[in-house]
Every structure is written in C-alpha cells, then in structure tokens.
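**Q** Would you mind keeping the following structure in view while I ask a few things?
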Amino acid sequence: MSSSSSVKRACDACHRRKVKCDGINPCRNCALAQLSCTYHAIPQKKGPKGSRAKVISELRQNQQSSLSAKTANRMNGVQSPPCSPTLAPTPGLLTTEMVKECTEFFFANMYPTMPILHRERLEQQALYVDQNVDTYCLLTAMCAFMMIQPGMGIPGDPLGLDNLPGANIVSGTLLLEETLKVRKSYDYCESPTQNSLVTSFFIFACYYGLDLHNKAWFHLREATTLAHTLEMVKEETYHQFDIIESSRRRRLYWLLFVTERSYALQRHRPLSLQATINLPSINDDPTDSQNHHLQGFIHLVNVYRPFDDQFVALWNKTRTDCSPAYLSSLQKQLSEALPIYLNTTENQTADLRTSQQWLRTMVWQLSIQNGCLSSNCDDPSMTFQYPVDIARDLAQMTSQFSHQSMEVHGVGLIEKLFDVACSLTDVLSLLPPKSDPFTMGPRDYLHQFMTMLSILRNGDHRFLPLLLNKVHDVLPGLVNPMLQNAPENTQMCADVDLFDGFGNTGISMPPQNYNAMATSGPNDYKMGHANGGLAFDKRIEELSSPSVTGGMSAETTPFTSPPIMNSGIEYQALDYQGFHDLNSHAHGMDFKREFGVENRESSFGVSSPGGMSEMSNGVVSVNGNGIGGRRPPIRQGSGSSYGMPLPRSIPEFNHGHFSRASTGGEDMGVGVNGVDLGHHGFR
C-alpha cells in the first residue's frame with residue numbers, strides 16, 4: 001500500500017485498540033506506539049471497549065514474538081524476548097496466515113512426490129491447533145520445512161526480510177526449535193499418531209537441508225521406528241482406516257522406504273523397512289485431485305526397490321559374499337525400473353532419471369570394490385568404462401531439462417551429480433585424451449557436470465570445491481586458468497572466454513598446423529550407444545524457456561531435500577560453455593581460481609594442496625616448507641568416498657603427461673604407469 005494512500009477502515013492495531021485511525025500507512029497511532037501497521041484482520045462486529053494500555057501491551061508482546069521479529073533479532077544478533085519457561089506454544093509465532101501460505105506452498109509444489117497429507121483434513125485440524133499440541137507440532141514442522149525453501153517468503157512479514165540472504169534459513173530454524181520444544185510436553189513415543197510420524201519426517205527433512213546429518217539420521221530413524229510402532233509394516237493394518245487415512249499411511253510408509261534407502265547409500269546407514277505391504281495405486285483415494293501425479297511416486301519406489309538388506313550389507317561391508325552375477329542382475333533391474341517414456345512432469349522426470357543413473361553408479365562402485373569388473377566383459381555395466389556411459393546418458397538428459405526442474409530438488413540432486421562426476425573423474429585418469437576437439441568425449445561430460453554444479457544454487461554448496469579438489473588430485477594438468485581473477489558471481493560464467501586446448505581463447509578452433517590424426521581418439525574408450533543413452537520423455541524436447549510462473553507445479557523428493565522451490569523469478573537456461581575447455585592437459589597452474597571457489601573452500605572446510613592445513617574430514621600434514629602431503633579421503637562414509645584404491649586388474653594406458661613422482665611418505669595405493677591412484681576415490 002502506498003505511504004500516502006488512505007483506506008476506508010482502521011488498521012489492525014487501531015481496530016484492536018478501538019481508536020481512530022488516520023488511514024495513513026503507517027498511521028500516526030502505530031508510529032507513536034511503535035507498532036507494525038497492517039490491514040490483514042477481517043472486520044468483526046463491534047463490542048465493548050477494553051483497556052487500551054492493556055491492548056497495546058498485548059500487541060507489542062505478540063509482535064515481538066512473531067516469526068518476523070524473532071528472525072530479524074537473530075540475524076542482527078539481538079537477544080529475543082525470553083520465551084515462556086514452560087513447554088507451551090509461543091504466542092503469536094504460528095499465525096493463521098503462515099499456516100495458510102505454507103499449506104498452499106506444500107500442495108502446490110511438493111505434494112506430487114510427497115503425497116502424505118490430506119488438504120481438507122489438515123485445514124480442519126488447523127482450526128483447532130490451540131487445543132492439540134500434536135497438531136501444533138505437525139504444523140510448525142511443516143512450516144519450518146517450507147521456510148527453508150528459498151522460494152518461500154515469510155508470511156505476513158512487515159519488515160521486508162525476504163530480500164535478506166539467509167532469512168529463510170533463520171525463520172525455518174526458529175520454527176524447528178519451536179517444534180522440538182513443544183514436543184517435549186507430551187509423550188508421542190508411547191502413543192504415536194500419524195501426525196507424530198509426519199512431524200518426525202519433516203524434522204528430518206529440515207536437518208537434512210541444514211546439513212546436520214547426525215540429527216537428520218536420528219529423526220529419520222525415529223520416523224521409521226514410529227512406523228513399526230504403528231504396525232505400518234503389516235498389510236492388514238491399513239484395513240481398519242477409511243480410504244483417505246489408509247491411502248496417506250500407505251504412501252507415508254513407501255516415502256520412508258525410499259528415503260531410508262537413499263540415505264543409507266549416501267551415509268552408509270542400515271535399513272529398517274522392507275517391502276512388506278502393497279504399493280499405492282493411482283485410484284487409492286478418489287477424492288484426491290492430484291492422484292494423476294502418483295504414477296511418478298510409484299516409479300520412484302520401483303527405482304529403489306531392488307536395494308534390499310543384501311545390497312546394503314555389502315555396501316556397508318558387513319557381508320562379503322558378492323558375486324558378479326548378482327551385481328549384473330541388479331544393473332539390469334535398474335535399467336528396467338523405468339519405462340522408456342515417462343508420463344510424468346518434467347520435475348519428476350529430472351529426479352527419476354538422475355536417481356536411476358546415480359544408483360547405477362553406486363552399483364558399479366560396489367562392483368569395483370569387490371573385483372567384479374573386467375576390461376573385456378560382454379556386459380557393459382561390468383566393465384571399467386561404464387561410468388563414461390552413465391555420464392554420457394545423464395549429461396544428455398540434463399542438457400534438455402530446464403534449470404528450474406533440477407533446481408527444485410536441491411542439494412540431494414547436486415550430491416548425486418557430484419557422485420557420478422567423481423566416478424567419471426577416476427576413469428578419466430586411465431583414458432587417453434581425445435584427438436578431435438569437435439566431438440564429445442568423457443572430458444566434455446566432466447566439463448558439463450562441473451558447470452552444472454557451479455550453476456545449481458549458484459555454486460553455493462560444498463560439492464563444487466570438493467569436485468575441483470578431486471580433479472586437481474586425479475588430473476592435475478586438466479585445466480588452464482586463463483583468468484587470474486575469476487568472476488565472483490557464477491552466473492557470469494557464461495561470459496568467460498573458453499580455452500580450446502590449442503592456446504586460443506574464444507570459439508574453439510584448431511591451429512592451422514593441427515594434425516587431426518593422433519594416436520588416440522574418441523574410439524579408444526567404449527562409448528556404448530553411438531547416438532545417446534536412455535530415451536526419456538519426448539515432451540522434454542519440446543520444453544520452452546525455464547521460466548517460472550506462479551502456477552508452476554514443482555516437485556521435490558524427500559531424500560533430495562530440502563529442495564529449492566518456485567522463487568517467482570526467471571532462471572537462465574543451463575549454459576555449458578561457462579568454463580575453459582577441459583580437453584587441455586599441459587598446464588601447471590592451480591586452476592581453482594578460475595571457478596571462483598578459493599573463498600568457498602574455506603567456507604565449506606575444504607583445503608587446497610599446499611594451502612590450508614585443515615579440512616572437513618581430515619588434517620593435511622604440512623612440512624616446514626609449507627608443502628602438504630596427500631590429503632586423506634574427503635568424504636568418507638558418503639556417496640563417493642575417496643579412499644578406495646583401484647584393483648590391479650585395471651586396464652593400463654600410457655599417460656606420460658599424467659605421470660608424477662611420489663614421495664616416500666605418501667600412501668600411494670596402486671599405481672598405473674606412475675599415476676598415483678591411492679586416494680582418488682572408488683568406493
């Protein structure tokens with residue numbers, strides 16, 4: 001509302017105080033009383049007047065305990081007014097407007113891949129939230145999960161915090177703290193409800209998005225334990241409920257089933273849920289207006305279903321009886337888990353295809369761990385070059401997805417791209433460079449993955465510097481930094497001239513004396529399908545600009561979460577020409593400045609060779625000359641651990657330009673023609 005525009009009714013504070021409002025925003029009364037001047041309240045019938053001083057005190061107290069006020073105080077380092085010493089809900093924190101907007105956001109953006117709530121019943125419970133702490137905790141946890149999505153603003157925010165970086169994280173954290181506080185006031189473990197289980201799941205999702213994985217695992221395990229307590233593992237349990245509750249409980253069980261498996265592979269955790277009940281069906285709830293999206297959810301379950309206790313035990317090294325036949329069969333099941341053409345939305349398709357290729361990479365990593373690969377096997381999935389096929393298929397798919405369709409899945413999808421890129425990097429150390437700069441090869445796929453990681457979430461995550469450190473270790477001469485000062489904004493990468501591998505910048509053109517007939521080329525590695533990888537939804541080829549509109553239906557997955565939702569802005573299309581050509585291989589300069597991650601490395605706890613002495617998961621030993629020894633594994637216990645040496649059966653290639661001398665104090669592992677492979681990272 002304009003600062004000079006008048007209104008026909010009093011503002012909310014003047015109406016509550018029963019005083020005359022001058023119709024200016026902010027009005028004189030609110031300015032003098034230091035109150036927020038809003039016009040949100042619905043006019044009520046007139047009643048007896050109360051004490052105006054008491055009303056002012058009440059209004060101030062509620063506004064000081066509002067989410068906006070608490071968020072602003074915490075961001076400014078100001079101590080918020082103390083909460084009630086009891087475990088009762090904080091007055092004024094969870095408003096009706098907040099519940100309404102967060103509910104709308106959830107069902108508009110996240111419901112297709114998280115179809116566990118019923119909108120009408122949730123809205124009905126919200127009317128009596130002050131009478132039921134279980135419902136209160138469900139709503140605060142859901143709102144906390146929504147708040148940490150960058151596309152979600154703070155409802156009823158009079159302070160304009162939406163434009164402040166990190167305000168959504170702070171507001172989500174405050175709501176999460178409120179959930180945990182109030183939850184201590186009742187025994188939800190002894191008498192759990194469906195709301196209790198969903199609350200635990202939302203708490204897990206919040207901690208996952210905040211990168212607090214010990215707490216995330218605790219609450220995911222809490223959710224699966226409550227599922228056992230409610231006997232959701234038994235099919236007959238669902239017969240005692242009506243259609244709406246039965247369908248939501250069944251979907252919730254399978255959502256936990258998928259989430260647990262994804263998290264088990266990423267963090268090496270055990271499983272507690274098995275496929276003991278029937279899958280949901282598209283028509284399990286005729287009242288569900290979005291049941292047509294359920295097919296994508298069922299596809300997601302089918303992708304993860306082959307990963308049972310046997311695989312997880314092998315993955316976690318609690319079993320050793322791994323056979324090539326079992327792994328080959330698992331790769332076949334993954335290939336057949338999804339149809340060639342998916343009748344799903346673009347967001348669902350991006351998540352499904354990325355998850356499928358990531359799981360194929362995980363199976364391949366288990367294969368190389370157990371010495372089940374061969375250089376001349378008829379099954380491509382059981383060869384050393386298979387990550388090239390996976391990377392090619394995934395690179396071709398992601399190049400046709402809009403930026404927003406990938407952005408909505410958040411850090412979880414970024415981590416999967418990172419895992420695929422790590423396996424590709426390891427294989428690249430054993431492949432000769434291609435001879436023709438005009439054909440796509442493995443290094444081009446790595447170039448594309450690095451660019452995607454720099455664009456998704458503006459590169460503001462720990463996986464970009466981790467990948468660059470890995471490339472520096474495995475392929476130290478891969479990139480030549482043509483720019484001494486890299487652009488701080490990764491969105492400016494499209495304006496950076498490329499290094500073409502022949503000493504030129506700009507468009508990639510070979511020099512006049514370039515001889516295209518070299519000793520190695522694209523055919524020196526197995527490329528599988530000549531014309532591309534897996535086919536996928538034909539509609540993707542017809543997609544227009546990745547413009548985001550208010551009516552967009554975006555999806556997220558629980559295990560990729562929390563995601564970035566519709567932000568109401570238009571995203572640029574993915575430009576895979578933002579970095580220098582990775583086919584160049586005769587350079588000695590440190591290239592990480594080119595990607596603008598030198599400062600990010602310290603932010604994410606990642607060290608550079610010969611630089612900082614500490615890192616996130618280990619310590620770099622630095623001698624008196626400031627030269628550090630080889631870093632320990634960067635991501636032990638996660639999706640792409642760096643500590644697995646290659647077996648001696650790996651095929652050998654001649655890479656004179658990759659050779660480097662080793663020092664006696666380094667743990668070298670197994671080497672190929674002088675190439676250090678000791679910590680380069682197969683699982």
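The values are calculated or read from the model by the stated rules, or taken from the named source; none is laboratory data. Bear in mind the structure is a predicted one, so any value in this text is a computation, not a measurement. Cβ atoms come from the backbone with ideal geometry, glycine included; neighbour counts cover every protein chain shown.
**Q** Would you check if there is a residue in the range 346-363 being in a helix (DSSP H, G or I) and of a type in the set (Asp, Glu)?
**A** yes
**Q** A follow-up question, please. Take the residues in the range 216-248 that are among the polar types (S, T, N, Q) and out of contact with any Pro (no Cβ under 6 Å at 6 or more places or on another chain), then tell me which one is surrounded by the fewest Cβ atoms within 10 Å (Cβ to Cβ).
**A** Residue satisfying both the conditions and the ranking: GLN240.
**Q** Separate question: State yes or no: is ALA395 crowded, with 23+ Cβ neighbours inside 10 Å and farther than 21 Å from ASN302 by Cα? Step through it out loud before you land on a result.
**A** Numbers: crowded, with 23+ Cβ neighbours inside 10 Å: yes; farther than 21 Å from ASN302 by Cα: yes.
When the stated conditions are applied, ALA395 passes them.
Here's the yes/no breakdown for (1) more than 23 Å from the chain's Cα centre (by Cα); (2) at pLDDT below 95; (3) not in a helix (DSSP H, G or I):
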position	(1), (2), (3)
GLY172	no, yes, no
TYR186	yes, yes, yes
SER191	yes, yes, yes
TYR208	no, yes, no
LYS215	no, no, no
ALA227	yes, no, no
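**Q** Can you name the number of the only condition in (1) crowded, with 24+ Cβ neighbours inside 10 Å; (2) outside any helix (DSSP H, G or I) that PRO437 fails?
**A** (1)
**Q** Taking only the range 1-42 into account, find how many residues are of a type in the set (S, T, N, Q) and at pLDDT 65 or above. Spell out the reasoning first.
**A** At the first step, the residues of the range 1-42 found to be of a type in the set (S, T, N, Q) are 2-6, 25, 29, 34, 36, 38.
Subsequent filtering for residues that are at pLDDT 65 or above retains 25, 29, 34, 36, 38.
Adding up the residues that qualify gives 5.
**Q** Looking only at the range 454-461, decide whether some residue is over 22 Å from LEU314 (Cα atoms), without any contact (Cβ under 8 Å) to a residue 60 or more places away in the chain, among the polar types (S, T, N, Q) and not in a loop (DSSP other than H, G, I, E, B). Show your work before the answer.
**A** If we filter the range 454-461 for residues that are over 22 Å from LEU314 (Cα atoms), which is where we start, we get 454-461.
Those left that are additionally without any contact (Cβ under 8 Å) to a residue 60 or more places away in the chain: 456, 458.
Then drop every residue that is not among the polar types (S, T, N, Q), which leaves 458.
Now drop any that are not not in a loop (DSSP other than H, G, I, E, B), which leaves 458.
Within the range 454-461, one or more residues are over 22 Å from LEU314 (Cα atoms), without any contact (Cβ under 8 Å) to a residue 60 or more places away in the chain, among the polar types (S, T, N, Q) and not in a loop (DSSP other than H, G, I, E, B).
**Q** Please name all residue pairs, on different chains or six or more residues apart, with Cβ atoms under 7 Å, provided the first residue is in the range 299-320 and is without any contact (Cβ under 8 Å) to a residue 60 or more places away in the chain and the second residue is part of a helix (DSSP H, G or I) and among the aromatic types (Phe, Trp, Tyr).
**A** Partner pairs satisfying both residue conditions: VAL301/TRP254; VAL301/PHE257.
**Q** Do we have any residue at all in the range 118-136 that's of a type in the set (A, V, I, L, M, F, W, C), assigned by TED's automatic domain parsing to the domain that holds ALA264 and crowded, with 24+ Cβ neighbours inside 10 Å?
**A** In the first step, residues of the range 118-136 are kept if they are of a type in the set (A, V, I, L, M, F, W, C); the result is 122, 126-127, 129, 133.
Narrowing further to those that are assigned by TED's automatic domain parsing to the domain that holds ALA264: 122, 126-127, 129, 133.
Remaining after also requiring crowded, with 24+ Cβ neighbours inside 10 Å: none.
Checking the range 118-136: not a single residue is of a type in the set (A, V, I, L, M, F, W, C), assigned by TED's automatic domain parsing to the domain that holds ALA264 and crowded, with 24+ Cβ neighbours inside 10 Å.
**Q** Picking from SER185, SER171, SER191, which residue would you name as being over 23 Å from MET110 (Cβ atoms) and either outside the structural domain of GLU97 (by TED's automatic domain parsing) or touching a residue at least 24 places away in the same chain (Cβ under 8 Å) (or both)? Show your work before the answer.
**A** Values: SER171 fails: over 23 Å from MET110 (Cβ atoms); SER191 fails: either outside the structural domain of GLU97 (by TED's automatic domain parsing) or touching a residue at least 24 places away in the same chain (Cβ under 8 Å) (or both).
That would be SER185, the only listed residue that is over 23 Å from MET110 (Cβ atoms) and either outside the structural domain of GLU97 (by TED's automatic domain parsing) or touching a residue at least 24 places away in the same chain (Cβ under 8 Å) (or both).
**Q** Of (1) at pLDDT below 60; (2) within 25 Å of GLY166 (Cα to Cα); (3) not acidic (Asp, Glu), LYS45 satisfies all except one. Which?
**A** For LYS45, the failing item is (2).
**Q** I've got another one for you. Within the range 140-154, is there a residue that is of a type outside the set (D, E, K, R), outside any loop (DSSP other than H, G, I, E, B), at pLDDT below 90 and in contact with a Leu (Cβ under 9 Å, 6 or more places away or on another chain)? Please lay out each step first, then the result.
**A** To start, the set of residues in the range 140-154 that are of a type outside the set (D, E, K, R) comprises 140-154.
After this cut, where a residue has to be outside any loop (DSSP other than H, G, I, E, B) as well, the list is 140-147.
Subset that is at pLDDT below 90: 147.
From what's left, in contact with a Leu (Cβ under 9 Å, 6 or more places away or on another chain): 147.
Checked against the condition, which is being of a type outside the set (D, E, K, R), outside any loop (DSSP other than H, G, I, E, B), at pLDDT below 90 and in contact with a Leu (Cβ under 9 Å, 6 or more places away or on another chain), the range 140-154 yields at least one hit.
**Q** Hey, can you tell me all the residues within the range 229-258 that are of a type in the set (D, E, K, R) and in a loop (DSSP other than H, G, I, E, B)?
**A** Answer for the range 229-258, where residues must be of a type in the set (D, E, K, R) and in a loop (DSSP other than H, G, I, E, B): GLU231, LYS234, ASP242.
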